[in-house]
Structures are given as structure tokens and as C-alpha cells.
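Reading through the C-alpha cells given below for one structure.
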């Protein structure tokens, strides 16, 4: 359903009463439509397999990637994948003066033309029978990355939380009549508590459980006010790495990550390492620095997530993979163990990219003999690894 750009925040808050009138557990049947699909599995969520698409990842629509072509969906579906996650930066679909910092009032200025572009990609995915997970990679008051000046803090400021709920209500209304088998709402990418929301390197820690619960509950209620069956997912705490026990009663699925250990997944990545050129050479398995890296380390890392699945909470791995500086054979050995553990526990996954540095296409690795695929550079070994789990 369309959402007009002049929707006022006052009308929205009055209509929903989000922060004053609880909706209870209105979403208790949100996953019911998926249970028939997943009945024979341990995981309440289907074992979706696919990719993130980064068309709307940048907060500036004039400085973003080339649009994902339809043929990519055709190839994904033909190779057996059924899931795409769309990490969105909310400023991408706003109308405001980008020559200065955004104001709290401008966070509500929806640009319908930009929203329509996002919807076009959703419709393309649905054309090829793929589930779409909409994710706010940058939400009002928080992003795991810097690069855009936030006017407030999602975890501490009520105005930020109201805006966060406004955006999710808008998306939920647009897809009010779409089945949870086809669309889900991933609330916030990789939450953490950071001293300064606009300083990438400021002190970071896990979000206090009661604070995460307040934010997730408010947003899920805004979504389910439009359709009580909407499927809601929350990324793990501490940048996606840890289970959130404080929300297990809210009928919200949870999303883990496939980046552990970072010395493998983000080897030489400048945004993840203070001194990227002076790191120990990655091995798998093997001694790297002061740690011996092996499948046993991964089994310990995923143990809480596996227990969460067994407790009846749906789990999916919303991001995984390795940057292209990790030696390819090391990457394949490590990633095979990551995917093996997830697959054995009926947990699906989404690689960070389809085409790009982390992707199965055009990853730019120096040590891969790429196969030509309709003019694209295909990493056949990576594709086969993804297909077999």
C-alpha cells in the first residue's frame, strides 16, 4: 500500500499510541503462516539461502551502486537460492537538504519516488519466488557505520524511537497484505551501544537488554498494528553476535552473523582493523596469533544460537562471508565449517553480497580462476559450496 509523503508524525503517534498504549502480544501469530513450511524442521524459520543486495545501503541516493539487474534474480533462483535481504539507509528515501546535517523534523520527509525504487526491487525478487527481508541498516539514531550525522541516539532519545517506529509503520503499511512467507522486517542492523553515534571509533558495547527490548517491542508493535501476522526479525546484540534473551517472549525471530573470527572474515579490511597491513596470516585450521582457529571455535560461538532454535525461536544468519583479501582456500575451508554448522541446525544464511568484494560474482580476488558467466566473473568453487549446504 502506498504511504503519502505528508503523513504527519502527530497523526502517526496519535493513531498508534506507540509509546503509551501497549498492543500486548499482538504478534503472537506472526510466524503461524510459516510453521507449515517449517513443521518438519527444528528451526521455526525456513532454511532460507541467499544474498544481501546493497542498492539502498548508502544514505545518499546519488552515490550508490548500480541497480541490481533482473538477470541476477534469474541466476539466483536458477542456482537454488530463495532469499534476499535489503539493507536500507533511511536517508536514502528521504527528501531534505543534503548540503547540511539532517534535522529531527526532516527524518519524517518520505520521498515516494525513492520508496518506489525499493519496492521495484522487492517486486523483482517476488517475481522469482524469493523471500525479501527489509532491513534498516541505518535507522534514525543508529548505524553500525559512521558517515552520516545522526541528530539523536536511538537507545536514549524518545524522539529517535518515535521516528524509528514511524519508518517501520510506513513499510509495514506498504506491505500490509503480503504474506510473511514473502516478506519480513529486520528491525536494525547489528545493534550496539556507542558513546558517540557519529564517531565510528568511539567506545562500543552491547545494548542493555531492557533497552533493546523496549526498542524492539515498540517497533514490532508498530509493524503489527498494520498486520498482526507480519514477520519481525531482530539482529543479535553486540553487532549481531549474541542472542537477545530479553525478547524471546515477543515472537520476534533473531538473526546471527557468519563473520567469526574477524581475522578470517575481515582480513586486511581497513574499516575493521586499526592496522590492516600488519596482521597475522590467516589459516584454517591453524594457529593465528594467540589463538588456534578451528571448527571447535565456531561450534562454541554458535552454541547459544543453536539453543535458541531448540527453544522455539526462529533463527537466520542475515550476513556472512569474507572480504576478498582472505586467501581463497582459507576462506573456503572456514566458510565450509560456518555453513556446515548452520545447515546442520536448519539455520539459513545470506551472504553479504551477490556481486562484489564478498560475493559469488565479481569479488576481485587475486587468487581465483574465475569462470566467465555472461560477462561476469563467477567464483564457481564458492557457488558450489553455497549450493551443497
From the set of residues in region 309-347 that are part of a loop (DSSP other than H, G, I, E, B) and closer than 16 Å to residue 242 by Cα, which is farthest from the chain's Cα centre (by Cα)? 311
Here are the criteria: (1) free of Cβ contacts under 8 Å to residues at least 40 places away in the same chain; (2) surrounded by 15 or more Cβ atoms within 10 Å (Cβ to Cβ); (3) closer than 25 Å to residue 234 by Cβ. Tell me which single one residue 273 does not satisfy. (3)
Determine which member of the set 65, 85, 100 is within 20 Å of the chain's Cα centre (by Cα) and loosely packed, with under 15 Cβ neighbours inside 10 Å. 65
Would you check if there is a residue in region 117-129 being under 16 Å from the mean Cα position of the chain (by Cα) and in a loop (DSSP other than H, G, I, E, B)? no
Filter result (closer than 21 Å to residue 97 by Cβ, at pLDDT 95 or above, assigned to a loop (DSSP other than H, G, I, E, B) and under 18 Å from the mean Cα position of the chain (by Cα)) within region 136-171: 140, 141
Residues that are farther than 18 Å from residue 136 by Cβ and surrounded by 14 or more Cβ atoms within 10 Å (Cβ to Cβ), drawn from region 182-199: 182
Considering 373, 334, which residue is at pLDDT 95 or above and crowded, with 19+ Cβ neighbours inside 10 Å? 334
Do any strands (runs of 3 or more DSSP E) lying entirely in region 205-300 carry at least 2 residues that are at pLDDT 95 or above and closer than 28 Å to residue 182 by Cα, and which ones are they? 231-235, 253-258
Please verify whether residue 271 is farther than 23 Å from residue 50 by Cβ and within 19 Å of the chain's Cα centre (by Cα), treating the condition exactly as stated. yes
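The values are calculated or read from the model by the stated rules, or taken from the named source; none is laboratory data. In this text the structure is predicted, and so the values were computed from the model without any measurement. With ideal geometry, Cβ positions are generated from the backbone for all residues, glycine too; neighbour counts draw on all protein chains shown.
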